[in-house]
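Step one of this worksheet: look at the structure below.
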Amino acid sequence: MYTFKSDLSGREYPVSQRVRGSSILPPVLDLIKKVKSSFDDDSAIATSEIQEFRDKYLENVVLNATGQSELTGLGKEVFEHLRQNQIIADEEDQLFVKDLTFGQRMADAVARFGGSWRFLGLFFGFILGWILVNIYLLIGNPIDPFPFILLNLILSCLAAVQAPIIMMSQNRQEEKDRQRARGDFKIDLKAEIEIQLLHEKVDHLTKLVRSLINHSSASEAEAE
């Protein structure tokens with residue numbers, strides 16, 4: 001197997017990993033030059049060695065985009081997704097399909113039922129039925145005579161129990177909305193950074209192509 005010696009570390013690497021300095025993005029190349037000032041466009045380095053400097057470059061880009069002095073919280077999450085080429089949307093979707101506890105499922109069910117026309121119809125039907133039963137069917141010995149104190153007690157207990165359950169469901173929905181907003185911001189930030197990186201890569205490739213064209217033209221002129 002053919003090998004080459006890295007101009008950065010002096011170690012031997014397979015030729016398949018050889019990368020010339022001119023093929024490296026200028027910001028990454030600048031970081032390499034800070035470690036070894038003699039490294040230039042004609043120097044060679046292994047792809048495995050470039051990863052460390054690429055990570056440092058991505059870290060600097062994320063820090064500039066987030067305004068942080070060090071990678072923490074959201075900035076760190078975006079950096080890891082950029083570094084590993086992961087799609088943030090896939091991770092955010094998993095947060096919304098995670099297993100819910102029995103209490104959370106019950107709160108959602110109560111909130112859905114309590115905020116529906118079906119519940120409203122059954123509620124009024126129950127009240128009307130209660131009144132009719134106590135006025136007409138149980139005239140001599142009503143369970144809850146007018147003014148229906150027992151009915152008022154039942155309704156008060158229902159409202160007292162239903163309200164906090166619905167609030168629990170709303171709190172969880174607010175938490176989900178916050179997670180979704182955070183995920184949207186992460187996706188937007190990652191997209192902005194990737195677009196910036198793409199522009200830099202395109203500019204770098206354009207310079208390389210122009211350099212090759214100029215070199216080819218110069219060679220043809222010398223040949224003539």
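Observations on the model:
- Only one item in (1) 31, 19, 17; (2) 73, 17, 14; (3) 26, 21, 16 matches semi-axes √(5λ) of the Cα gyration tensor in Å derived from the coordinates shown, and that item is (2).
- Longest segment of the chain lacking trypsin sites (Lys or Arg not before Pro) that sit in a DSSP loop with at most 15 other Cβ atoms within 10 Å: 99-224
- Average Cα contact separation per residue, the chain, under 8 Å, 6 or more apart, as relative contact order %: 18
- Per principal axis, descending, Cα span of region 1-85 in whole Å: 44, 26, 18
- Principal-axis tilt of helix 149-223 within the chain, Cα atoms, nearest 10 degrees: 10
- Charged neighbours of ALA111, selected by a Cβ distance under 12 Å, balance to +2 (K, R count +1; D, E count -1).
- Separation of alpha-carbon centers, region 116-176 and region 6-65, rounded to whole Å: 72
- Local charge for LEU74 was computed over the other residues whose Cβ lies under 12 Å away, with Lys and Arg +1 and Asp and Glu -1, and equals 0.
- Between THR47 and PHE185, the modelled label-to-label distance comes to 3.6 nm, taking each label 7 Å out from Cα in the direction of the beta carbon.
- Efficiency of FRET between LEU150 and GLU175 - r from beta-carbon atoms, R0 35 angstrom, step 0.05: 0.35
Values in this text are rule-based calculations from the coordinates and carry no lab data. What you are looking at is a predicted structure, and each value in this text was computed from that prediction instead of being measured. Neighbour counts run over all protein chains shown; Cβ positions are idealised from the backbone, glycine included.
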